Amino acid sequence: MAHEVLCLGTVLVRRSRRQNPRTRGFTLIELSIVVAIVGILAVIAVVGYRKYTLSTKITEAQGNISGIKIAQEDYRAEKGVYLNIGTSTTWCPAAAGVSDKKVGWDSQCGAGTAKWEQLPVHIDGVVQFQYQTLAGPSAFDGSSVSFVNWTGANANVPWFLVHARCDLDGQGAPDTQLATSSFSNQIFSDAEGQ
């Protein structure tokens, strides 16, 4: 309780004045509401930022897949067949595809006699995703890419498949995959971690 002292001549008079409860500050409820709103905004910002950073990582794979697809078509125009580099278990570069780890492109990677250096694809710098490209003269086999329905693909013509994968969430298994084939101009995506 505040007191006001007035001087009236030689007599001091003391008057008490009560403060208005609204002028003392914020109530606990008001502060709680503000904290809750700030928390919600922070969660929205973090989720938005995470989606943005993941989409930039996926852009690497989309660009490289497009380059590999063009290189396969160039190779076929020159040699008459698509280049089969490896098997459904051959991924290049072998050390890539793990969370935030980026490694240099390995043009010597492949299985058997076919290597990436034979395909006129130019991937400069480091990559985060692992890649594979399979090809055949007929009997299309898209079973290694289970998230795409290849129904309607003409199985009696030469074909290729480009597949990229990465463990973007760091949980130990590839959670983000992209693929395309000679039968489609679309890049299909399976991004479970997003």
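The values are calculated or read from the model by the stated rules, or taken from the named source; none is laboratory data. A quick note: this is a predicted structure, and the numbers were derived from the prediction, not measured. No Cβ is skipped: glycine too gets one built from the backbone with ideal geometry, and neighbour counts run over all protein chains shown. Just so you know, the surface numbers come from the protein's heavy atoms only, side chains and all, with ligands and any DNA or RNA stripped out. Shrake-Rupley method; radii C 1.70, N 1.55, O 1.52, S 1.80 Å.
Here are the numbers:
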{"item": "Sulfur and carbon atoms: percent of accessible area, segment 104-194 [1.4 Å]", "result": "44"}
{"item": "The chain: most fluctuating residue of Ala36, Ala111, Ala153 per GNM, C-alpha cutoff 10 Å", "result": "Ala36"}
{"item": "Helix 28-79 vs. the chain, principal-axis angle (Cα, 0 to 90°, nearest 10)", "result": "10"}
{"item": "Gly86 long-range amide H proximity, modeled H, under 5 Å", "result": "Ala111, Ala114"}
{"item": "Sites excluded, chymotrypsin sites (Phe, Trp or Tyr not before Pro) in DSSP loops with at most 16 other C-beta within 10 Å, longest stretch of the chain", "result": "27-146"}
{"item": "Relative contact order (%) - the chain, alpha-carbon pairs under 8 angstrom, separation at least six", "result": "17"}
{"item": "Total charge dipole magnitude, the chain, about the Cα centre, Cβ charges on Lys, Arg, Asp, Glu only, Debye to nearest 20", "result": "1580"}
{"item": "Highest-fluctuation residue, Lys79, Lys69, Lys101 considered, GNM on the chain with Cα pairs under 10 Å", "result": "Lys79"}
{"item": "Rounded accessible area of Cys109 (nearest 10 Å², 1.4 Å probe)", "result": "20"}
{"item": "Candidate values (1) 60, 35, 32; (2) 95, 30, 26; (3) 116, 35, 28, label of the one derived for Cα extents along the principal axes in Å", "result": "(3)"}
{"item": "Among Thr176, Thr113, Thr27, residue whose mean-square fluctuation peaks in a GNM of the chain (springs only between Cα atoms under 10 Å)", "result": "Thr27"}
{"item": "Amide H contacts of Val126 (H built 1.01 Å from N, under 5 Å, at least 5 apart or other chain)", "result": "none"}
{"item": "Å² of accessible area per residue within the chain, as computed with a 1.4 Å probe and no ligands counted", "result": "62"}
{"item": "Links that overshoot a 30 Å alpha carbon limit, given the list Lys79/Lys101; Lys57/Lys115; Lys69/Lys101; Lys51/Lys102; Lys51/Lys101", "result": "Lys79/Lys101"}
